[in-house]
Structures are given as structure tokens and as C-alpha cells.
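Here the structure comes first, spelled out in C-alpha cells, and everything after it is commentary.
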Amino acid sequence: MVQQRERKGTVEKRQALLRGARTVFGREGYARAGIDEIAAEAGVSTRTLYNHFGGKENLFREVLIDSAENVTGAHVALIERHLGKVTDVEKDLLALAREWMGRRGDHEPHMLLVRHIISEGSHLPADVIEEWQRIGPRATVEAVRTALLRLGEQGHLAVDEANSTEAGRHFMLLIPGSVTVDTFFGVVPMTADEVDARVRSGLAVFLKLYGLP
């Protein structure tokens with residue numbers, strides 16, 4: 001029982017550190033975030049932080065990868081829910097795009113981290129950025145690519161192995177990318193009607209590129 005309580009306490013402290021670090025890194029960025037500030041936010045000692053993560057770089061890596069995995073997982077679930085069984089490709093793609101953008105607020109803590117990655121890229125460890133790209137953005141594009149290729153094989157879209165990678169990138173750029181860039185990852189406000197207009201216009205262009213005649 002004592003060992004179980006100790007293991008539970010260790011897991012809880014680790015999770016508290018990840019939550020606290022996500023908050024501080026999102027607020028201050030990587031360069032300005034301090035170990036003392038992160039430990040205080042998590043409600044633990046700096047010694048506990050070092051025992052769990054060894055230092056700020058490894059902690060940032062863990063926070064970013066954990067956050068990216070969660071966001072990618074949420075996007076993959078959306079894709080499967082809307083495109084797992086398609087009967088009306090335009091209707092189903094529109095429903096996916098609308099829910100994708102409607103849930104972007106769920107990922108605000110992660111978007112805060114991404115904004116700092118963009119502004120502080122030269123100060124961040126290159127291998128950390130590469131790991132984030134692999135688990136986050138590239139994994140999401142791959143999930144979209146795979147779903148669009150499946151729709152092509154089912155006769156819903158003009159997508160095949162030769163153009164599926166570009167189709168995935170175009171979907172991401174024309175729909176979530178359009179809103180993300182123009183709001184600078186959520187900094188600049190955009191009304192729900194404006195977001196929906198972007199979604200519909202982006203999808204219209206996508207279907208001109210990849211819709212069937």
C-alpha cells in the first residue's frame with residue numbers, strides 16, 4: 001500500500017509539473033520561463049522538478065510532445081468520425097471542417113506553445129522542434145492524406161497515391177490554415193460567421209481541385 005501511494009504521488013506530481021509548465025511556457029515562452037516559476041505554478045519544489053525532468057529543456061520537450069500528441073489524437077478522432085463512412089462527400093467534409101474549427105478553442109494551451117515556437121524558434125533545441133513536427137503537424141497532415149486517399153479509392157474524390165500528399169496539404173492550408181494564419185494562432189479575434197465563411201470558401205476551392213467532374 002505504501003508503494004502504491006508513493007507511485008500515485010509520483011504520477012500526480014509529474015502531471016502537476018506538466019500542467020504548470022504548459023501554463024508558464026505558454027505565458028512566458030521558452031527563453032523567459034524560469035524553473036522556480038514553473039515549480040511554483042505546479043505546487044512542487046524545484047528539486048522535484050529536476051528529479052522528474054532533469055531541467056528546463058527536457059521539461060519543455062515533454063510538455064510540447066504531450067500537448068502535440070493530444071491535439072493530433074483529437075484531430076484524428078474528428079477525421080474518423082466524419083470521414084469514416086461518407087455518403088455525401090461535400091456535406092461530410094464541411095461538417096468535419098466546421099467542427100475542426102469550432103473546437104480550436106479546446107487547443108488554446110497548445111496554440112500558445114506553438115506561437116512561442118514560431119517567435120523563439122532559433123532559441124529552441126532543433127531536435128525538440130523536429131519531434132514536435134513529426135508527432136504534431138506532420139502526423140495530422142498524414143491522417144488527412146490517408147482519409148482523402150480512402151475517399152478517392154471509394155470514388156468520392158479525384159485523389160490517388162500520386163496526389164494524396166498534396167491534397168492533404170491543400171486541405172490543411174485552405175481550411176484550418178486560413179483561419180490560423182489570419183488570427184495568428186488565435187491572437188486576432190475572428191467571429192464565428194467569419195470563420196464559417198473561411199471554411200466554406202476554403203472547401204469550395206478544395207473541391208474545385210479534387211472534386212469529381
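This table checks each residue for (1) surrounded by fewer than 18 Cβ atoms within 10 Å (Cβ to Cβ); (2) among the polar types (S, T, N, Q); (3) within 15 Å of Met172 (Cβ to Cβ).
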| residue | (1), (2), (3) |
| --- | --- |
| Leu59 | no, no, no |
| Val63 | no, no, no |
| Glu80 | yes, no, no |
| Thr87 | yes, yes, no |
| Leu93 | no, no, yes |
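Checked against (1) part of a helix (DSSP H, G or I); (2) crowded, with 16+ Cβ neighbours inside 10 Å; (3) not polar (S, T, N, Q), Asp193 passes all but a single condition, namely (2).
Look at Gly155 and say whether it is under 26 Å from Lys85 (Cβ atoms), buried (at least 19 other Cβ atoms within 10 Å of the Cβ) and of a type outside the set (A, V, I, L, M). It is false that Gly155 is under 26 Å from Lys85 (Cβ atoms), buried (at least 19 other Cβ atoms within 10 Å of the Cβ) and of a type outside the set (A, V, I, L, M).
When Thr23 is tested against (1) over 24 Å from the mean Cα position of the chain (by Cα); (2) crowded, with 18+ Cβ neighbours inside 10 Å; (3) not assigned by TED's automatic domain parsing to the domain that holds Leu203, exactly one condition is not met: (1). From the list Val188, Val195, the lone residue that is farther than 21 Å from His75 by Cα, modelled with pLDDT under 95 and of a type in the set (A, V, I, L, M) is Val188. Can you tell me which condition Gly155 does not meet? The list is (1) at positive phi; (2) touching a Leu at 6+ places or on another chain (Cβ under 6 Å); (3) of a type outside the set (Val, Ile, Thr), and all the others hold. Exception for Gly155: condition (2).
Within region 167-185, the only residue that satisfies the criterion of being modelled with pLDDT under 90, part of a loop (DSSP other than H, G, I, E, B), of a type in the set (A, V, I, L, M, F, W, C) and crowded, with 16+ Cβ neighbours inside 10 Å is Phe185.
Only one entry in Thr146, Thr191, Thr180, Thr165 is in the same structural domain as Val86 (by TED's automatic domain parsing), within 15 Å of the chain's Cα centre (by Cα) and among the hydroxyl-bearing types (Ser, Thr, Tyr), namely Thr180.
Of Phe60, Phe53, all but one fail to be in contact with a helix residue (DSSP H, G or I) (Cβ under 6 Å, 6 or more places away or on another chain) and closer than 19 Å to His116 by Cα; the exception is Phe60. Of all positions in region 36-49, none carries a residue that is touching a residue at least 40 places away in the same chain (Cβ under 8 Å), assigned to a helix (DSSP H, G or I) and crowded, with 18+ Cβ neighbours inside 10 Å. Restricting attention to region 63-96, the residues being in contact with an Asp or Glu (Cβ under 9 Å, 6 or more places away or on another chain) and not in a helix (DSSP H, G or I) number 2. Given the criteria over 30 Å from Leu212 (Cα atoms) and either assigned to a helix (DSSP H, G or I) or touching a residue at least 12 places away in the same chain (Cβ under 8 Å) (or both), does Glu99 qualify? No.
The residue that is modelled with the lowest pLDDT, counting only those in region 126-150 that are buried (at least 21 other Cβ atoms within 10 Å of the Cβ) and either over 30 Å from Glu62 (Cα atoms) or of a type in the set (Gly, Ala, Ser) (or both), is Gly136. Listed conditions (1) at pLDDT 95 or above; (2) within 30 Å of Val144 (Cβ to Cβ); (3) of a type in the set (Asp, Glu) are all met by Asp66, apart from (1).
The values are calculated or read from the model by the stated rules, or taken from the named source; none is laboratory data. As the structure is a prediction and not an experimental result, all values here were calculated from the model. Please note: Cβ atoms are built from the backbone with ideal geometry, for glycine as well, and neighbour counts cover all protein chains shown.
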